[in-house]
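Structure, as structure tokens:
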Amino acid sequence: MSPAIGGTSQGAVRAPAGDFILETESLGRDFAGFSAVDRVSLQIRRGSIHALIGPNGAGKTTFFNLLTKFLQPSRGRITFNGKDITDIPPAKVARMGMVRSFQVSAIFPSLSVLQNVRVALQRKEGASLQFWQSRSRLSRLDEQAMELLSRVRLQQMAGRRAGDIAYGQKRALELATTIALEPELVLLDEPTQGMSYEDIDHVIELVKETARGRTVVMVEHNMKVVAGISDRITVLARGSVLAEGNYAEVSGNAQVIEAYMGRPKTRIRRGGEAAS
């Protein structure tokens, strides 16, 4: 494996632990003798937007599932806020302040848009199973929910059945419910998956909104999104870190270009296409 650009995978000097909210050390996952993720050491700086990219089969999804505890690593360690969470189940990690989204929108389709956000607010308060509450308390939660819907431009959809709104709006709703939980760290799995070209700029603004006051890690295939909002990018290839740095560094790296395009003298433009 080639040295990472400014990364930590090959013995680079690690910054003080307090600067980082999430770290992995020699993380690996095997499936029937095949290493889908191999010795990945990563540091996520607190308050940043950190993108994970790579060609098909690079191990992004497996690594993301390891971070979010939906898969148990075969080896290595994961630390969140200085605490070893390697063997902690995902529900407990979520309560610690690390929340993920999915490629498929995870909402309650039969509830209204407002009710979806209210459920998330109830969960944050530890009242998710208390369905019979006073009108005054529900009204207070409704006010908070409307504020969140306004932040993702869904206030006009509050009364609509969530299953009836457009796909892009469902993803925005999912981000609103994520913000409602007030996590320290949000992990976004392909936030632009299935979205039309016209929705991409809106997604960029939504991710920026999600990142306000917190840290975001995202797996993303759209280079426009990655280039537009990422503070740092880690490139995975064949389960290992190929390169790490800002967009200019990774997009001009010959090994990254070859991994994506198979042509070592081609640069990746911000729109995701190749340029000689």
Q: Please list, in chain and number order, the residues 5+ apart from Val37 or on another chain whose amide H is under 5 Å from its amide H, with Hs placed from the backbone.
A: Arg29
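By the scheme Lys and Arg +1, Asp and Glu -1, what is the net charge of all other residues having a beta-carbon under 9 Å from that of Arg29?
Working: positive: Arg75; negative: Asp30, Asp38.
Residues near Arg29 contribute -1 overall.
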(Q) What does the net charge come to around Leu242 if you take all other residues with beta carbon closer than 15 Å to its beta carbon, with K and R at +1 and D and E at -1? (A) 0
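Among 249-256, 143-150, how do they line up from the highest to the lowest mean number of other beta-carbon atoms within 10 Å?
Packing proxy ranking, top to bottom: 249-256, 143-150.
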Q: Can you tell me the dipole magnitude for the stretch 138-188 around its Cα centre, using point charges on the Cβ only (Lys, Arg +1; Asp, Glu -1), in Debye to the nearest 20?
A: 260
Q) Taking amide hydrogens as modeled 1.01 Å from N in the peptide plane, which residues meet the under 5 Å criterion relative to Leu236, leaving out close sequence neighbours? A) Ile53, Gly54, Leu242
Q: Distance check, please: which entries in Lys170/Lys224; Lys60/Lys208; Lys60/Lys83; Lys83/Lys170 exceed 25 angstrom between their Cα atoms?
A: Lys83/Lys170
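No lab work stands behind these numbers, since they all come straight from the coordinates. All values derive from a computational prediction rather than experimental measurement. Ideal geometry is used to build each Cβ from the backbone, glycine not excepted, and the neighbour counts take in all protein chains shown.
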